[in-house]
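To start, the structure itself, in structure tokens.
The values are calculated or read from the model by the stated rules, or taken from the named source; none is laboratory data. Here the structure is a predicted model, which means the values were calculated and not measured. Neighbour counts run over all protein chains shown; Cβ positions are idealised from the backbone, glycine included. The protein model used for the area step is the full one, side chains on, heavy atoms only, and it has no ligands, DNA or RNA in it. Shrake-Rupley method; radii C 1.70, N 1.55, O 1.52, S 1.80 Å.
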Amino acid sequence: MPNLRSYLKKISFVVVLTILMLALIILPVLAQSSANISFGIRPTKALEGQAETYSYFSFRTSPGSVFNDEALVLNDGGEAVTLKVYAADGITARNGGTDFAKFGEEGDGMSRGTHAWISLPLSELTLAPGEERLIPFQIAIPADASSGYYVAGLVVEAVPEVSAIESVATTTEGEAQFNVEVIRRVGVAVVIDIPGEQSSSLEIENIALYRQDEQGTTFSVDLRNTGSTFLQSKGFFVVTDRNAERIITTIPLEFDTILPGDKVTFYVPRSARFEDGKYLLSVVLDYGGEKAVLEGIGMNIKNGQPEIEGQILDNLFTSEEIEVFFEKEGKGDSFIWTMVAVVSFILALLVGWLVYRSGEKKEKKEVDPIF
Amino acid sequence: MKRIQSVWLAVFIALALAGLLTTHSSALSISTSALSFPNVFLNGYDQSILGSTSAWQVDASGEAGGWNATISATDFTNGVGGVIYVSNLEARLADSSIVLVSGDPILPTSTQTTFAALSGVGLKFVSAASGTSDGIYDLTPEIRLTVPAETYIGNYTSTLTITVSVGP
């Protein structure tokens with residue numbers, strides 16, 4: 001009997017302690033999620049050999065095919081939420097990367113109209129806190145779809161919140177007041193790869209000075225993906241003097257994905273202003289081993305006021321000179337990694353020597369007793 | 001000694017249960033705070049005002065494939081013909097305004113550190129590369145509105161769309 005009592009006492013101790021610790025871990029998470037509604041959408045299964053399907057849907061299929069899948073919509077916030085659910089065309093965001101057209105709108109690129117390829121059984125749903133629901137959907141690829149990569153999206157959207165309404169009462173004569181409705185959306189891409197002849201092509205359409213102020217300078221670069229595959233690019237924004245004899249600055253560029261057919265603006269900041277003078281602006285990019293170049297755009301700054309003058313000079317850089325830009329960058333990387341390897345090797349030798357020395361001392365102690 | 005064993009057992013059970021309760025299903029999500037602007041006395045000159053908002057939170061727990069967030073907006077209209085074009089509304093996110101709440105200490109990066117005008121097309125302002133930023137992060141963007149000199153009095157409204165996405 002005393003044994004049983006002690007056993008029960010021990011169990012109740014573990015249970016109470018577990019509950020207390022659980023409360024300590026879980027309560028902050030719950031408090032955080034109940035502060036605002038929070039919801040999401042994701043695939044329910046991943047395909048072997050396609051790591052991206054852990055995050056978004058990706059299908060390799062042929063024109064005219066019809067198939068089904070399902071998405072999981074969940075409310076991981078602390079209050080019930082009503083969500084609009086719809087399929088959208090994939091578009092490229094400014095600064096690159098996947099975004100989705102708004103409800104009822106279409107994209108401009110190759111993925112225009114792909115929202116219509118996806119059929120959903122519902123357009124709205126309400127989820128209780130912590131509730132999740134499987135949403136089946138069907139994809140029907142048009143029989144005349146040409147080869148290439150298409151992006152559609154499954155989007156969940158919360159009812160807008162309106163802010164600043166409370167300030168209506170405080171408006172006085174001669175004032176304007178500003179309210180902002182905030183629409184929150186979460187989107188997951190549905191990538192459709194239609195095999196066949198595919199092309200990879202990037203055009204730099206424009207370079208401009210977006211802004212120059214006390215914070216520095218921001219340029220804008222307009223790119224168009226004229227191929228049928230996703231494109232990411234790396235390269236340099238190069239500013240030279242008007243005679244292209246001296247490089248004034250080189251800004252490394254790394255541009256995120258552009259969907260096929262999309263035109264995108266990327267912003268390139270520089271933390272310093274340009275003094276009055278005449279300059280030439282150029283952009284050289286590498287995308288999968290291919291090069292895209294736009295060079296010799298004139299920029300004239302007079303009394304701090306910049307003016308872009310269009311292309312003044314072409315053939316500023318030979319193809320060998322362009323290669324040198326990228327080689328320099330590659331060499332820079334390999335130098336850093338070589339240094340890391342050398343330092344690691346020396347440290348490993350040092351640690352090995354210290355371990356050996358301490359072992360030697362211990363051995364000595366065992367052989368030569370103190371007493 | 002037995003008391004210590006019981007404590008360890010309780011810790012283990014608590015951690016296991018917490019893990020199950022908090023990670024059994026997750027998906028990329030964003031929660032935003034309200035954005036408000038002060039009223040502006042119209043004095044015949046262009047005036048810039050900063051919006052105030054508290055941190056927006058992206059929960060990318062379990063999202064190892066990379067993600068991004070975009071912001072787009074509409075013109076401010078007052079319902080009686082007054083318009084402030086959306087190009088007067090600008091946003092930026094300083095890298096220092098991205099704060100780890102929990103999860104991967106490799107923070108997502110700002111892709112718009114200087115002010116850029118908003119438009120109907122989403123402006124990507126933060127992104128995480130594949131294999132990074134699997135966690136919860138607070139983002140506090142700065143949003144600035146230039147009220148043009150020719151603005152009429154009234155109550156103006158704009159719609160901001162914040163989208164968090166996973167894709168190629």
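Interface residues of the stretch A:74-104, defined as those with an accessible-area decrease of at least 20 Å² between the chain by itself and the complete set of protein chains (probe 1.4 Å), are A:Leu74, A:Asp76, A:Ala93, A:Arg94, A:Asn95, A:Thr98, A:Asp99, A:Lys102. Between the C-alpha center of the stretch B:50-78 and that of the stretch A:272-314 there is a gap of 32 Å. Using the 1.4 Å probe convention, the accessible area of the stretch B:27-165 works out to 36 Å² per residue with neighbouring protein chains retained.
Amide H contacts for A:Ile91 (H built 1.01 Å from N in the peptide plane; partners 5 or more residues away or on another chain; cut-off under 5 Å): A:Asp99, A:Phe100, A:Ala101. What a 1.4 Å probe finds exposed on the stretch A:175-310 is 39% carbon and sulfur by accessible area, rounded to a whole percent.
For the interface of B with A, what's the total buried accessible surface in square angstrom, probe 1.4 angstrom, rounded to the nearest hundred?
Rounded to the nearest hundred, the buried surface is 5900 Å².
The accessible-area ordering, largest first, of the residues A:Asp144, A:Asp99 stands as A:Asp144, A:Asp99, per a 1.4 angstrom probe. Once C-alpha pairs closer than 8 Å and six or more residues apart are averaged by separation and normalised to the residue number of the stretch A:60-189, the relative contact order reads 33 percent.
Within the accessible area of the stretch B:27-165, the carbon and sulfur atoms contribute 56%, probe 1.4 Å, all protein chains present. Protein-only accessible surface at a 1.4 angstrom probe places the residues A:Lys278, A:Lys9 in the order A:Lys9, A:Lys278, largest first. For the peptide B:68-75, the mean number of other protein chain Cβ atoms found within 10 angstrom of a residue's Cβ is 4. Spin-label model, B:Thr109 to A:Gln311: label points 7 Å out along the Cα-to-beta-carbon direction sit 3.0 nm apart.
Going from the isolated chain to the complete set of protein chains, the stretch A:197-226 loses at least 10 Å² of heavy-atom accessible area (1.4 Å probe) at A:Tyr210, A:Arg211, A:Gln215, A:Thr218. Calculated on C-alpha atoms, the gyration radius of the stretch A:223-292 divided by its Kirkwood radius gives an Rg/Rh of 1.04. The mean number of partner chain beta-carbon atoms within 10 angstrom of a residue's beta-carbon across peptide A:52-59 is 4.
Were the residues from A:Glu320 through A:Ala272 laid out at 0.36 nm apart, the gain over their Cα-Cα distance would be 14.3 nm. For the pair A:Ala46 and B:Val80, label points projected 7 Å from Cα toward Cβ lie 5.8 nm apart. Expressed as a whole percent, the proportion of Cα-Cα pairs in the stretch B:27-165 lying more than 18 Å apart is 55%.
With the simple model of a label 7 Å out from the Cα in the direction of the Cβ, B:Ala149 to A:Glu106 spans 4.3 nm.
The listed residues B:Tyr85, A:Tyr267 rank as B:Tyr85, A:Tyr267 when sorted by accessible area, largest first, using a 1.4 Å probe. Measuring heavy-atom accessible area with a 1.4 angstrom probe and counting protein chains only, the residues of the stretch A:172-192 that give up at least 50 Å² relative to the chain alone are A:Gly174, A:Glu175, A:Ala176, A:Gln177, A:Phe178, A:Asn179, A:Val180, A:Glu181, A:Val182, A:Ile183, A:Arg184, A:Arg185.
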